[in-house]
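Each remark here refers to the structure printed beneath this line.
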Amino acid sequence: MKISIRAARQNSGLTQEQMANALGVSRKTYQDYEHGETAMRIDKAQLFSSLTKVPMDNIIFLLKNYG
């Protein structure tokens with residue numbers, strides 16, 4: 001089952017600010033990830049997957065390109 005970045009973050013109990021800090025990016029950059037404005041680099045995507053405990057293959061990283 002596919003899950004959005006936002007849902008994966010929320011399910012992990014982290015705020016946008018906490019996730020941004022964990023990824024080493026600004027909150028604005030993280031918000032751009034969630035809104036599909038900016039693609040996550042592969043190293044950030046791998047860390048995001050690790051933090052949320054959701055396999056990368058199950059995360060929708062760019063909503064604009066999904067479906």
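The residues of the chain present an accessible area of 63 Å² per residue when probed at 1.4 Å with all protein chains retained. For the chain, carbon and sulfur atoms together expose 49% of the accessible surface, with a 1.4 angstrom probe and every protein chain in place.
Considering only alpha-carbon pairs that sit under 8 angstrom and 6 or more positions apart, the relative contact order computed for the chain is 43 percent. Using the rule -39500 (n - 2.57) for each DSSP H run of four or more residues, divided by the residues of the chain, the 222 nm mean residue ellipticity is -14000 deg cm²/dmol. If you take all other residues with their beta carbon under 15 Å from the beta carbon of N58, and give Lys and Arg +1 and Asp and Glu -1, the sum is +3. By a 1.4 Å probe calculation restricted to protein chains, L62 has an accessible surface near 50 Å², given to the nearest 10. Remark on I3: its backbone amide H falls under 5 Å from those of I59, I60, a criterion applied only to residues 5 or more positions apart or on other chains, H modelled at 1.01 Å from N.
The values are calculated or read from the model by the stated rules, or taken from the named source; none is laboratory data. Every value quoted in this text rests on a predicted model; they were computed, and no experiment measured them. Because the Cβ atoms are built from the backbone with ideal geometry, glycine has one as well, and the counts that use them run over all protein chains shown. With ligands, DNA and RNA removed, areas are computed over all heavy atoms of the protein, side chains included. Shrake-Rupley method; radii C 1.70, N 1.55, O 1.52, S 1.80 Å.
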